[in-house]
Amino acid sequence: MFWRKFKPSSTATTPRPRQRGFRHRYGRVYIIPTKFGGLFIGGSILMLLIGAAYQNNLVNLLGFFMLALMFTAMISTHNNINNLVLKNVEAVHGFADSTFAVAAIVFNHDNSVKLNCEFTIRSFKKEAQYDARRPISPQTDSRLLASFHAPGRGLHELSLFVLSTTAPFGLFKAWQYQPSHAYAVIYPVRSGQLAWRKAADSIGDGLKRTAGAEEFSEHRAYRDGDSLKRIDWRIYAKGRGLLTKQYDEAAQTTLCFDFSSLPGNEATTEVKLQQLSQWVDIASKKNETFTLKLPHRTLGPNRGVSFAHQAWSELAQFKSEERS
């Protein structure tokens with residue numbers, strides 16, 4: 001009767017299904033000895049063996065001191081990476097076959113300072129780590145910056161971040177996995193054999209300019225950043241102040257980067273994208289107004305660094321746009 005009364009039910013003893021993948025590992029701290037830590041552990045064990053063999057109390061004391069230091073380092077390294085959470089990943093972009101920077105915002109939920117923390121990204125080759133020695137204060141977030149080798153062009157998912165540290169003694173390495181929904185936009189390589197031209201006969205090289213000269217529209221008060229060439233110096237000499245000449249936008253010359261006008265077939269798609277990427281880079285540096293024409297979308301006319309990044313993003317995701 002006693003056994004029947006306190007016999008656990010079959011539902012309570014049923015094992016729960018085990019989660020798969022990295023989902024159940026998020027936030028869990030893993031720790032292993034470093035190379036120096038392995039030598040330190042081996043040396044402490046060797047000291048204990050020598051002390052036991054020769055019955056030398058000083059050697060035994062040294063061995064136990066090394067073991068105590070080893071356990072202290074293990075606990076300290078574990079606590080140094082614990083309670084860190086990946087809060088955000090800033091916008092990531094770069095060019096293929098180069099390096100791109102990743103900025104990770106990490107929040108410290110602990111009441112102690114975290115030292116020498118860095119991060120890696122699964123499936124990406126790390127090039128350099130910056131600001132790794134910057135401490136992360138309690139209950140605040142910090143910006144960790146690292147650079148990675150960029151793969152081929154396209155949209156790449158940065159799904160798994162690995163936060164790690166070897167501080168404060170360097171005997172152990174502790175790390176934990178953090179999920180992320182960030183993406184890296186990798187632009188095409190900036191290269192090509194076609195020269196940059198501004199003449200109207202450059203259509204054969206894939207560049208077009210609208211015909212017609214600039215037509216004067218009106219005067220506007222001078223603003224910081226306006227070109228000095230467009231200031232009406234005659235009016236300024238008459239004492240009417242600094243006025244800038246304005247021209248009709250439709251009459252201004254605009255570059256046209258047309259994908260379909262480039263020589264080649266579908267097999268040379270990457271070469272075309274690389275040539276367009278180079279032209280966008282040159283136009284951005286020269287602050288030229290341009291239009292980017294792709295088979296399924298047209299951007300511009302516009303100019304500036306932000307518009308150049310928008311054009312590079314379209315070139316990076318050209319395959320997905322083409323398939324859709």
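The values are calculated or read from the model by the stated rules, or taken from the named source; none is laboratory data. Everything numeric in this text was worked out from a predicted model, so none of it was measured. All Cβ positions, even for glycine, are placed from backbone atoms using ideal geometry, and neighbour counts span all protein chains on display.
Within segment 29-41, the set of residues being assigned to a strand (DSSP E or B) and touching a Ser or Thr at 6+ places or on another chain (Cβ under 8 Å) comprises just one member, Ile31. How many residues does segment 142-159 contain that are surrounded by 15 or more Cβ atoms within 10 Å (Cβ to Cβ) and either among the acidic types (Asp, Glu) or over 13 Å from the mean Cα position of the chain (by Cα) (or both)? Selection size over segment 142-159: 3. The set of residues in segment 118-141 being under 19 Å from Ser159 (Cβ atoms) and either at pLDDT 95 or above or crowded, with 17+ Cβ neighbours inside 10 Å (or both) consists of Glu118, Phe119, Thr120, Ile121, Phe124.
The condition of being closer than 29 Å to Val305 by Cα, of a type outside the set (Gly, Ala, Ser) and touching a helix residue (DSSP H, G or I) at 6+ places or on another chain (Cβ under 9 Å) holds for only one of Phe148, Phe64, Phe95, that being Phe95.
For segment 167-187, the set of residues classified as at pLDDT below 95, crowded, with 19+ Cβ neighbours inside 10 Å and not in a strand (DSSP E or B) consists of Ala167 only. One residue alone among Ala211, Ala237, Ala267 is at pLDDT below 80 and under 31 Å from the mean Cα position of the chain (by Cα), and that residue is Ala267.
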